[in-house]
Amino acid sequence: MLNKYLLYLLSKKKLCGNILRNKIRDANSDCLLCKQSKALKTNSHIIPGFMTKSILGNTNKKRVYLLGTDRMHKSAEYSQDTDKEDYILCTSCEKYLSILETYIANRLHDRLWNIRYESQFPTYSNGEIKWRVCEQIDESIFRLFFYSIIWRCHIASTEVCKNFKLIEEEAESIRVPLLACKYDKHADFIANLPAYVDEIPIFPFIIFTAENFGDRTKNIISPNSSTRNPYEFIFNEYVLYFSFTNNEKQNEFQFLNNTDNSKIKIGFFSYKFWETLRKQHMDFFVDVTKKNLKKRGEIPWGFKHDE
Ligand SMILES: [Zn+2]
């Protein structure tokens, strides 16, 4: 049932509409999170480095390719790191977000696939679907962390994120509680969090990953706003379906939907299922790209012999 629904969602994706671009920012711009201090930080990762590291590969020749359904008539661009942006955050807000990142990197990412920490993630199965429960991870910090990435994808004007936009009220409904919980020292953040937990809204989300991945450099990073509520995010080894509303589509995820303040559940799917999803994404990408090229009267760059 769930597998079918995921594939259904993918098949229903449409092209994004017109998106407002962020204006050029500089050291005089205000921090987009606190809106008080100057956004002096440069090279802020939009999606934290630990989540995107494996897509770059293990060799010295680190590359991540930029694919866009509207740019396949041009040669493929690549970079040696994933998206970063200057002048979006002040020093203090950047420190705060890095506290969330360090917590999740240590408690989730470094442990989820490590057999030594198996007992921290009890595994359940209904025969078809397997999932794990993050017993040792604070559910509020888990939420704040993923809210912060969704918000960063919204504010970013990088190539990967420029077409992704939340509705402005949705973005504020993340930014405000994110800021309310802000401390830029780890100990202060942990000590004060209980006082602010009630201010963190419980937006329903499902998150899943795979037991193993094969070649991780084939993975995808894609915030996608062509389906709203749920929004779909693919962050290399994690896929997130997230809604600001309580809606039928999100409810289709049933028991995997994280709808309250209990411990977070993570779908832990088979390699085979992961491969099927990856293929579905690429097929969809090729399909939309073909339509765009036809509309523009262009041919794919790889077919051009005179460039
Ligand atoms: Zn700030």
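The values are calculated or read from the model by the stated rules, or taken from the named source; none is laboratory data. Quick caveat, the model's predicted, so the values are computed rather than measured. Positions of Cβ are generated from backbone atoms using ideal geometry, with glycine treated the same way; all protein chains shown enter the neighbour counts. SASA here: full protein model, heavy atoms, side chains in, ligands and nucleic acids out. Shrake-Rupley method; radii C 1.70, N 1.55, O 1.52, S 1.80 Å.
Taking amide H as placed 1.01 Å from N in the peptide plane, the amide H of A210 sits under 5 Å from that of F269, each at least 5 places away or on another chain.
Taking all Cα pairs closer than 8 Å and separated by 6 or more residues, the relative contact order of region 166-270 comes to 29 percent. Given +1 at the Cβ of Lys and Arg, -1 at the Cβ of Asp and Glu and no other charges, the dipole of region 81-160 around its Cα centre is 300 debye to the nearest 20. By a 1.4 Å probe calculation restricted to protein chains, T259 has an accessible surface near 80 Å², given to the nearest 10.
Multiplying the residue separation of K218 and D260 by 0.36 nm and subtracting their alpha-carbon distance yields 11.8 nm. Counting only heavy atoms of the protein chains and using a 1.4 Å probe, K185 has close to 120 Å² of accessible surface. Computed from the C-beta positions of S125 and E199 and an R0 of 45 Å, the FRET efficiency is 0.80 to the nearest 0.05. Computed from label points 7 Å out along Cα-Cβ, the spacing between S92 and K185 is 1.4 nm.
If only the Cβ of Lys and Arg carry +1 and only the Cβ of Asp and Glu carry -1, the dipole of region 102-214 around its Cα centre is close to 320 debye. Going by accessible surface with a 1.4 Å probe and the largest first, E248, E170 read E248, E170. A protection proxy built from the mean count of other Cβ atoms within 10 Å ranks the segments 117-123, 94-100, most packed first, as 94-100, 117-123. With a simple spin-label model that places each label point 7 Å from the Cα along the Cα-to-Cβ direction, the separation between N43 and K84 comes to 0.4 nm.
With a Förster radius of 51 Å applied to the beta-carbon distance between E135 and K291, the computed FRET efficiency rounds to 0.65.
A Förster radius of 41 Å combined with the Cβ-Cβ distance from E159 to R116 puts the calculated FRET efficiency at roughly 0.60. Extension gain, K279 to D26: 0.36 nm times the residue separation minus the Cα-Cα distance gives 87.1 nm. Share of carbon and sulfur in the accessible area of region 222-291 stands at 53%, probe radius 1.4 Å.
Rounded to the nearest 10 square angstrom, R107 shows an accessible area of 90 square angstrom against a 1.4 Å probe. Ordered by 1.4 Å accessible area with all protein chains kept, S140, S37 run largest first as S37, S140.
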